[in-house]
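Student: Dumping the structure here so I can ask a few things about it.
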Amino acid sequence: MIDTKHFLECLIHKWDNLHQAQCQPNQFAHVHYDWFVNDDGVLSSKQWYHWNGETYRERTHWLSQQEDKLQLLIIESDITLEFRESEAGVYVGKTEGQIDYNGVKVESVISLDSTTFTSMDKGTDANGKVQWGVVPSPFIFKHT
């Protein structure tokens, strides 16, 4: 059975990709990602670019457990990622099936352990043209 408490202990942190942005400045902006439980007890996240400090994405989430997996619902978009724990103790989450959000097919893959959060997202239109998310590799976040 997957350990929800441990998953949340790994997830709820302030993260950034400073090392990645410094090593590949032409490919990656320096991004901050904060996962937290807000005052109402709701799992929330926000993201912002380091250069201007302005939040560009805020989300609320619902986490549910089903035996060997966790489902993380992004409430604002109704997109769910299913997380399973690998033999190495890494939580791997991905969107399942054809997810359509405002006419864009969404594909996301996240991996999480106690020190690293990686995220790779892609959105394609009905013709297969990439609308967003093309980067050379996933974003790699570490605790700040």
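Student: Take the solvent-accessible surface of the protein heavy atoms, probe 1.4 Å, and return the percent of it on the chain that carbon and sulfur atoms account for. Don't skip to the answer; put the middle values down first.
Tutor: On the way: 4290 of 8670 Å².
Whole-percent figure for carbon plus sulfur exposure: 49.
Student: Right, next: On a full-extension model of 0.36 nm per residue, what is the gain between Glu107 and Val135, subtracting their alpha-carbon distance, rounded to one decimal in nm?
Tutor: On the way: separation 28, 0.36 × 28 = 10.08 nm, distance 1.36 nm.
Working it through step by step, the gained length comes to 8.7 nm.
Student: So how do Asp68, Asp16, Asp100, Asp113 rank on accessible area, 1.4 Å probe, biggest first, that is with the largest at the start? Don't skip to the end; give the middle numbers.
Tutor: Numbers: Asp68 90, Asp16 20, Asp100 115, Asp113 45 Å².
Correct descending sequence by accessible area is Asp100, Asp68, Asp113, Asp16.
Student: Return one quarter of the surface area of the convex hull spanned by the alpha-carbon atoms of the chain, equal to its mean projected area, in nm².
Tutor: That works out to 9.4 nm², a quarter of the Cα hull's surface.
Student: Provide the per residue accessible area, probe 1.4 Å, for the chain, rounded to a whole number of square angstrom.
Tutor: Details: 8670 Å² over 144 residues.
Each residue of the chain exposes 60 Å² on average to a 1.4 Å probe.
Student: Same structure, new question: If you average the sequence gap of Cα pairs under 8 Å that are 6 or more apart and divide by the length of the chain, what percent do you get for the contact order?
Tutor: Relative CO of the chain lands at 20 percent.
Student: Rounded to the nearest 20 debye, what is the charge dipole size of region 56-135 about its Cα centre when +1 sits on each Lys and Arg Cβ and -1 on each Asp and Glu Cβ?
Tutor: That gives a dipole near 300 debye.
Student: Quick one: dipole size for the chain, taken about the Cα centre, charges +1 on Lys/Arg Cβ and -1 on Asp/Glu Cβ, in debye to the nearest 20.
Tutor: Computed about the Cα centre, the dipole is about 440 debye.
Student: Between Cys23 and Glu76, what length in nm is gained on full extension when 0.36 nm per residue of separation is reduced by their alpha carbon distance?
Tutor: Length gained between Cys23 and Glu76: 15.8 nm.
Student: Using a Förster radius of 25 Å, what is the FRET efficiency between Asp40 and Lys69 based on their Cβ-Cβ separation? Nearest 0.05, please.
Tutor: So the FRET efficiency works out to roughly 0.45.
Student: Pairs Lys69/Lys129; Lys5/Lys142; Lys5/Lys105: which exceed 29 Å Cα-Cα?
Tutor: In this structure, Lys69/Lys129; Lys5/Lys105 exceed 29 Å between Cα atoms.
Student: Give me the distance in nm between label points sitting 7 Å out from Cα along the Cα-to-Cβ direction at Lys94 and Ile12, one decimal.
Tutor: So the two model labels end up 2.9 nm from each other.
The values are calculated or read from the model by the stated rules, or taken from the named source; none is laboratory data. Not measured: the values here are computed from a predicted model. As a convention, Cβ positions derive from the backbone with ideal geometry for all residues, glycine included, and neighbour counts pool all protein chains shown. SASA here: full protein model, heavy atoms, side chains in, ligands and nucleic acids out. Shrake-Rupley method; radii C 1.70, N 1.55, O 1.52, S 1.80 Å.
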